[in-house]
Amino acid sequence: MLLEVENLNTYYGESHVLQDMSVAVDAGEVVALLGRNGMGKSTTLKSIMGLVKPNSGTIKYKGTSIFGHPPYRVAKAGIGFVPEERRIFPNLPVLDNLRMGIKHGRHSSGGGRNPWDFERVYKHFPILKDRSNQKGSTLSGGEQQMLAIARTLMGNPDLLMIDEPTEGLSPVMTKEVRDVLAEISEVGVSILLVEHNLKVAMSLADRVYLMGKAHLGYTGTIEELDANPEIRARYLEV
Amino acid sequence: MDATTAMYVAQGIHGLAYGMVLFLLASGLTLIFGMMGILNMAHASFFMLSAYFCYQFQIWTGNFWLALLFAPVITGFFGILVERFLLRKVQRLGHIGQLILTAGLGLIILEGVKVIWGTESKPVLVPTYLQGLVNLAGMEYPVYRLFIIGISLILLIILSLILYKTRLGMVVRAAVSDADMVNALGINVPVVFMTVFGVGTWMAGVAGVVISPILTVFPGLADQVGMDAFIVVCVGGFGSIGGALLVSIICGLLNSYGVQFFSQLAPILIFIFMVVVLTIRPMGLFGERE
Ligand SMILES: Nc1ncnc2c1ncn2[C@@H]1O[C@H](COP(=O)(O)OP(=O)(O)O)[C@@H](O)[C@H]1O
Ligand SMILES: [Mg+2]
C-alpha cells in the first residue's frame, strides 16, 4: 500500500471527530472517501497532512510512519493536498501561485514519469497560461480550483489528496475538473478523493470508503457499492 | 529663503525622519503579525534594547558606526533565539500564550535595562560630520535627519527587493495570507518564521540605534515609540508593508507639524487619526482582516 492509515483518532478540543478511522490507497489507485456533511472527511485528510494533530493511530506512507510529521515534511515525502477551500494565494499572480507549489530538492518521482513543470501544467490547464499574470483573487471559482490542483501538481506528488473539488462549480466546470482528475490518474498519480457528487466519484474511483459519524462505515469496490442501494441510502444523501 | 519656509522644511525633514524610523519598527511588527498571527508585544522592547546596546558599544569603542553595525545584529540574534526556543514552544497554547509570553518578555527587558543601565537618560553621540546643518540648493537641512532618511530608504529598497523579487519574499507574502497552506505545499514554514522574526527584530534594532542620538536612551523609550508603531500597524492594516510605509510617514509628519500648529493637541493627533481611519475601515487602510 502507498498510504495506510489505521485507527486514527483526532479531537477538536473535547469533540472526538475521528474515531478509529482507517483508510488505505494503493499505488495507481483512485480511492473515494464519501459521506454526509460533518462526518469527518476533511479532518481525515488534514490529519494525514499534519495540518491537524491526531492523538493516536498509525499513518504510513510508502511503508514509513509520517504520523506527527509537520505538513511540509508530509508534502516533501510526496503527498499533495488540495484543500476544500482551495486556498490559493489571492495576493499573488497565478504564476507565483504555481511557483509556490514547486518542491525544491524533490524531482521527478514515481518510476520515471515526466515531471510536472510549467509547460506540462499549462498544457493541461490552458486557462492558467492565459491568466498567468493575474492575481489569484481575480479568478472564477472553477479557475481557482484548477489553479489549486495545478499548484499541487507542480510539486510532483505520488499521491494527490483532494477535498470536494467540484463543490460549487457549474456542471460544465464540474466535468472539466473530473476530466482533469481522470488524466492525472492516467499518468500514474494515485488519488484520495473526497467528493459529494456521487456520479463524479463513481466515474473516477476504483474503491470507496463511506464515513458514518467520525468513523469508517463501509468499504468496497465501486461495483459493490453500485449494487447496494441500501448502503448508499444509509451513508449518502439521497 | 525666508524664515517661514525654512521652518516648514525643517519640520518636514524632522517628521519624515521620525516617520522612517517608525517604518523600520512597524514593518517588522506588521510582517511578524501577518505571517505568524503574533502581536509581538516585545517588539518595541527589542528596539529599546538595541539602543542600549548602541550606547554600550559607544562607551567601549567610541565608534558610532560599529554600534550601528553590531547592536542591531545582536538584537536580531536575540530575537531568533526567542522565536526558536520560546515562541515555538508555546505555539500549541495559541495566540493568548504568545501574547502573554511576548508581553512578559517586554517587562523582563524593561526591568533588565533598569538594573543594568539605571533609569536616567543615556546620550548617544554621532560623529561631528553628521551633526549640524548642510546647505543644499539654498536651503539648510539637519544632516543627521537626512542620514536617518537615507539609511531607512536603503533598508526600504532592500526589503522591497527581497519581498518582491526573490523566492523567499514570495514565500513570505504567501505565508502572510495563508501560512498553513504554504506549509502543506512542502515549504519549511518554521524556518521562514524564524528568519522573518530575526529580520524584523534586526530592523527594530536599526531603528533603535538611529533614533537614540535624538531621543537619548531611557527605559520609557519602548513605550513612547512602540505606541506609535502599534498605531501605524493598526491603521496601515495588519500584514501590509505598503500600509506601514504610508502611515508611518503620515504619523511622522502629523507629529512634527502638529507640534508646530496645534501644540496642545499634538500628542493626541495620531490617536485622532487612528480613530477616524478605523471607524471608516476597521481592517486598516490596506489590511485584509480585522
Ligand atoms: N476547526 C474545527 N474546530 C472544531 N470543530 C470542527 C472544526 N472543523 C470541523 N469541525 C467539526 O468536526 C466534524 C467533522 O468535520 P469535517 O471533517 O469538516 O467533516 P466533513 O468534511 O466530512 O464535512 C464536524 O462536526 C465539524 O463541525
Ligand atoms: Mg469537508
Regarding B:LEU221, is this residue more than 14 Å from every other protein chain (Cβ to nearest Cβ), buried (at least 17 other Cβ atoms within 10 Å of the Cβ) and closer than 19 Å to B:ILE13 by Cβ?
no
Can you tell me which condition B:LEU221 does not meet? The list is (1) under 15 Å from the mean Cα position of the chain (by Cα); (2) farther than 26 Å from B:LEU130 by Cβ, and all the others hold.
(2)
Matching residues in segment B:109-157 (in a strand (DSSP E or B) and either of a type outside the set (A, V, I, L, M) or under 20 Å from B:ILE214 (Cα atoms) (or both)) number 7
Report yes if some residue within segment A:137-156 is surrounded by fewer than 23 Cβ atoms within 10 Å (Cβ to Cβ), more than 14 Å from every other protein chain (Cβ to nearest Cβ) and within 16 Å of ligand 1 (Cβ to nearest atom); otherwise report no.
no
Could you say which residue among A:ALA148, A:ALA227, A:ALA233 is aliphatic (A, V, I, L, M) and in contact (Cβ under 8 Å) with a residue 60 or more places away in the chain?
A:ALA148
If you scan segment A:22-38, which residues turn out to be near ligand 1 (Cβ under 10 Å from one of its atoms) and surrounded by fewer than 22 Cβ atoms within 10 Å (Cβ to Cβ)?
A:ARG36, A:ASN37, A:GLY38
Out of segment A:189-202, which residues are within 21 Å of A:VAL5 (Cα to Cα) and away from ligand 2 (no atom under 15 Å from the Cβ)?
A:VAL189, A:SER190, A:ILE191
So B:LEU93 passes all but one of these: (1) at pLDDT below 90; (2) in a loop (DSSP other than H, G, I, E, B); (3) under 29 Å from B:MET283 (Cβ atoms). Which condition number does it fail?
(2)
Going through segment A:181-218 one residue at a time, which ones are within 16 Å of ligand 1 (Cβ to nearest atom) and in a strand (DSSP E or B)?
A:LEU192, A:LEU193, A:VAL194, A:VAL208, A:TYR209, A:LEU210, A:MET211, A:GLY212, A:HIS215, A:LEU216, A:GLY217, A:TYR218
Which one of the conditions (1) in contact with a helix residue (DSSP H, G or I) (Cβ under 8 Å, 6 or more places away or on another chain); (2) away from ligand 1 (no atom under 16 Å from the Cβ) does A:LEU95 fail to meet, given that it meets all the rest?
(1)
Yes/no for A:VAL52 being touching a residue at least 12 places away in the same chain (Cβ under 8 Å) and more than 10 Å from ligand 1 (Cβ to nearest atom):
no
Does B:SER212 fit the bill of being assigned to a helix (DSSP H, G or I), more than 12 Å from the chain's Cα centre (by Cα) and among the polar types (S, T, N, Q)?
yes
Only one of A:VAL121, A:VAL74, A:VAL180 is more than 16 Å from ligand 2 (Cβ to nearest atom), β-branched (Val, Ile, Thr) and in contact with a His (Cβ under 8 Å, 6 or more places away or on another chain); which?
A:VAL180
Quick one: in segment A:159-180, of everything that is within 16 Å of ligand 1 (Cβ to nearest atom) and assigned to a loop (DSSP other than H, G, I, E, B), which residue is nearest to A:MET39 (Cα to Cα)?
A:GLU164
Given the condition touching an Asp or Glu at 6+ places or on another chain (Cβ under 8 Å), modelled with pLDDT under 95 and under 17 Å from B:ARG281 (Cβ atoms), answer yes or no: does some residue in segment B:227-238 qualify?
yes
Are there any pairs with C-beta distances below 6 angstrom linking a residue in segment A:18-39 that is farther than 21 Å from A:ALA182 by Cα to a residue that is surrounded by fewer than 16 Cβ atoms within 10 Å (Cβ to Cβ) and among the polar types (S, T, N, Q), with the two at least 6 apart or on different chains, and if so which?
A:ASP20/A:ASN7
Positions within segment B:219-241 being polar (S, T, N, Q) and touching a residue at least 24 places away in the same chain (Cβ under 8 Å), in sequence order:
B:SER240
Any chance you could count how many residues in segment B:185-198 are surrounded by 21 or more Cβ atoms within 10 Å (Cβ to Cβ) and in a helix (DSSP H, G or I)?
6
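The values are calculated or read from the model by the stated rules, or taken from the named source; none is laboratory data. Keep in mind that what you see is a predicted model, and the values were worked out from it rather than measured. Methodologically, a virtual Cβ is constructed for each residue, glycine included, from the backbone with ideal geometry; neighbour enumeration extends over all protein chains shown.
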